[in-house]
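What follows is a short report on a single structure.
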Amino acid sequence: MFLSLHFVNTIIPLSNEQLLIINKEYNRLYAENCKSLTNYTFLTNDTRATEFFSEVKHLLEQLYTKPLPKKLEGNARYIYKMIKSMRRKLRKANIAIGKTDKKLAHIYFNLKVHKPEIQVRPIVASINAPARQISSFLDQLLTPIYNYVTKDITFINSIDLIRKLKDYTEKGYLTSTT
């Protein structure tokens, strides 16, 4: 079934998909507005209401059939291609393991010059090391558990600090010597 709208001497046919979308939107708007009308004791078959709903239907049809401006269409196409390219690259990065993204951990030493006997403290720089992924996994796994266990002694923000300080004073722990 094809309907058409008349724009300046041109006829643009509506596809079935467009008709389904328009009808779905219209039914949603109709249901929401009918609730509002009946709440304010208006009849839905009033002439003003029927004119309003027919205008809404006409505006929806115009919205879904009027062509986009060239610049907006070109910009949307460019963004779509860019997102598609990013998704492809992400998918490819997850499947293939490259040689360049893995490095050995570098070890170097910092001297403790402030101590009488100069000691050496090893420092391991492992930003791109294979163990980094395990470390980030364990961090994601253990952080919620740690936060749950330490929630009573951890301040989330300044409001939380004030609430806990108030509880502390109400229990009588805060004295002039504290």
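Readers should treat all values here as calculations from the given coordinates under stated rules, not as data from a laboratory. These numbers were taken from a predicted model, which means no experiment stands behind them. Note: ideal-geometry Cβ built from the backbone for every residue, glycine included; neighbour counts use all protein chains shown.
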Could you work out how far apart the two model spin labels at N33 and E51 are, taking each label as a point 7 Å from the Cα in the direction of the beta carbon, and quote it in nm?
1.3 nm
How many angstrom lie between the C-alpha centres of region 59-81 and region 141-167?
49 Å
